[in-house]
Amino acid sequence: MPFLHSTTQRLQNLFSSQPNFKSTSTQSTTSLKHTSTTTKNGTMSAPVVLILGSGPRVGAAVSKAFAAIGYKVAVAARKGTDAKTDEGYLSIKADFAEPKSITAVYDAVKAEFGAAPSIVVYNTGSLTPPPDKDSVLSISADRFTHDLKVNTVAPFVAAQEAIKGWATLSAGAKVFIYTGNALNKLIMPVPMMLDVGVGKAASAYWLGQADGAYSANGYRFIYADERQPDGKMKGLALDGPAHGTFYTQLAKSTEGIPWNATFVKDQGYVSFE
Ligand SMILES: NC(=O)c1ccc[n+]([C@@H]2O[C@H](COP(=O)([O-])OP(=O)(O)OC[C@H]3O[C@@H](n4cnc5c(N)ncnc54)[C@H](OP(=O)(O)O)[C@@H]3O)[C@@H](O)[C@H]2O)c1
């Protein structure tokens with residue numbers, strides 16, 4: 001399709017033409033250990049990770065990385081099956097365009113594993129190409145609202161549910177990770193990126209506020225944004241396993257990691273401020 005081809009080309013050109021960002025790596029390379037979660041009634045069990053919006057790229061790699069360090073894994077998406085996968089993950093069917101569906105997802109996790117998720121990954125992203133490819137304002141209000149719900153309202157509800165669950169857990173890491181991109185910092189002149197950029201920027205704001213408000217309680221809210229080594233947006237070269245590595249490092253320790261966690265494959269957190 002000529003439109004999709006030209007849009008992809010424009011995105012590739014934009015990713016490769018962004019200015020360089022200053023880079024300061026503060027990555028530490030502690031090894032990961034098997035951990036456990038203790039509920040407030042004293043029950044000990046393997047910790048649980050919930051991945052909201054899991055598909056073949058980031059979601060699959062993050063699931064695999066957490067399973068490898070002993071987590072029970074629950075994944076949710078529209079193609080969820082409400083059954084166990086071959087890998088032993090709990091697969092839950094949900095559409096985050098209806099943010100209330102999030103509560104049922106948490107209920108299903110607790111019913112299956114007997115504990116709330118200590119690590120929550122909100123990974124879904126939603127965008128709508130404008131019907132007039134040159135006019136950013138040709139996206140309908142209905143689609144703009146749909147994408148805002150998926151990119152911002154549903155993860156906000158997921159964070160509300162996460163802290164309710166964390167209050168029932170007495171030990172271990174408690175981290176909410178939102179898969180972001182550079183659009184919270186960068187206004188990219190590509191009409192099809194409008195809704196995803198609006199959603200990422202709005203979510204970065206509430207994540208930053210939540211992290212400031214709750215980090216003293218040991219609760220962290222992280223906007224995770226994979227970048228190229230020179231700080232440019234990762235875009236089409238997004239790396240699933242790099243997300244798995246970084247997210248499991250966050251589960252081990254968030255010390256020295258700010259809420260706006262730009263990261264680079266094989267380096268971990270890197271500041272581009
Ligand atoms: N750092 C960067 O530069 C960069 C670049 C590209 C992407 N990203 C971000 O990376 C994230 C994940 O990307 P990915 O495509 O690789 O992930 P993925 O894990 O391969 O797929 C995410 C899954 O989310 C599910 N999903 C979509 N809409 C949904 C909805 N309304 N309700 C429930 N589930 C939904 C889809 O499954 P179903 O169809 O089954 O629902 C999809 O397979 C996104 O947030 C994206 O914005 C960042």
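The values are calculated or read from the model by the stated rules, or taken from the named source; none is laboratory data. Note that this is a predicted model, so its numbers are computed, not measured. Note that we place each Cβ from the backbone using ideal geometry, even for glycine, and neighbour counts take in every protein chain shown.
Does Gly218 satisfy the criteria of being closer than 28 Å to Ala167 by Cβ, in contact with a strand residue (DSSP E or B) (Cβ under 7 Å, 6 or more places away or on another chain) and either surrounded by fewer than 20 Cβ atoms within 10 Å (Cβ to Cβ) or free of Cβ contacts under 8 Å to residues at least 12 places away in the same chain (or both)? Answer is yes for this residue. In region 99-122 there is no residue matching the filter, namely being surrounded by fewer than 16 Cβ atoms within 10 Å (Cβ to Cβ) and near the ligand (Cβ under 9 Å from one of its atoms).
For region 77-93, the set of residues classified as in contact with a strand residue (DSSP E or B) (Cβ under 7 Å, 6 or more places away or on another chain), within 11 Å of Ser54 (Cα to Cα) and either of a type in the set (A, V, I, L, M) or not in a loop (DSSP other than H, G, I, E, B) (or both) consists of Ser91, Ile92, listed by residue number. Tallying residues that are of a type in the set (Lys, Arg) and either over 21 Å from the mean Cα position of the chain (by Cα) or farther than 25 Å from Lys100 by Cα (or both) within region 131-149 yields 2.
The residues of region 119-156 that are among the hydrophobic types (A, V, I, L, M, F, W, C) and either in a helix (DSSP H, G or I) or farther than 30 Å from Ala46 by Cα (or both), listed by number, are Leu127, Val136, Leu137, Ile139, Ala141, Phe144, Leu148, Val150, Val153, Ala154, Phe156.
Look at region 83-104: where a residue is over 16 Å from Ala116 (Cα atoms) and a partner is in a strand (DSSP E or B) and of a type in the set (S, T, N, Q), sitting 6+ places away or on another chain with Cβ atoms under 9 Å, you get Ala83/Ser91; Lys84/Ser91; Thr85/Ser91. Is it fair to say Ser54 is buried (at least 24 other Cβ atoms within 10 Å of the Cβ) and hydroxyl-bearing (Ser, Thr, Tyr)? Considered against the rule, which asks whether it is buried (at least 24 other Cβ atoms within 10 Å of the Cβ) and hydroxyl-bearing (Ser, Thr, Tyr), Ser54 comes out as yes. For the residues Ala159, Ala116, Ala108, the requirement of being part of a helix (DSSP H, G or I), modelled with pLDDT of 95 or more and closer than 21 Å to Gly244 by Cα singles out Ala159.
If you go through region 55-66 one residue at a time, do you hit one that is more than 8 Å from the ligand (Cβ to nearest atom), of a type outside the set (Lys, Arg) and part of a loop (DSSP other than H, G, I, E, B)? No, that holds for no residue. If only residues of region 142-156 that are crowded, with 19+ Cβ neighbours inside 10 Å and aliphatic (A, V, I, L, M) are counted, the one that is nearest to the ligand (Cβ to nearest atom) is Val150. Checked against the criterion of being over 23 Å from Ser63 (Cα atoms), away from the ligand (no atom under 11 Å from the Cβ) and among the hydroxyl-bearing types (Ser, Thr, Tyr), region 219-232 contains not a single residue that satisfies it.
So, in region 221-241, of the ones that are hydrophobic (A, V, I, L, M, F, W, C) and touching a residue at least 60 places away in the same chain (Cβ under 8 Å), which residue ends up farthest from Ala65 (Cα to Cα)? Residue satisfying both the conditions and the ranking: Met233.
Answer yes or no: is there a residue in region 128-137 that is without any contact (Cβ under 8 Å) to a residue 60 or more places away in the chain and within 9 Å of the ligand (Cβ to nearest atom). No, region 128-137 contains no residue that is without any contact (Cβ under 8 Å) to a residue 60 or more places away in the chain and within 9 Å of the ligand (Cβ to nearest atom). Scanning region 175-193 for residues that are among the hydrophobic types (A, V, I, L, M, F, W, C) and away from the ligand (no atom under 13 Å from the Cβ) gives Val175, Phe176, Ile187.
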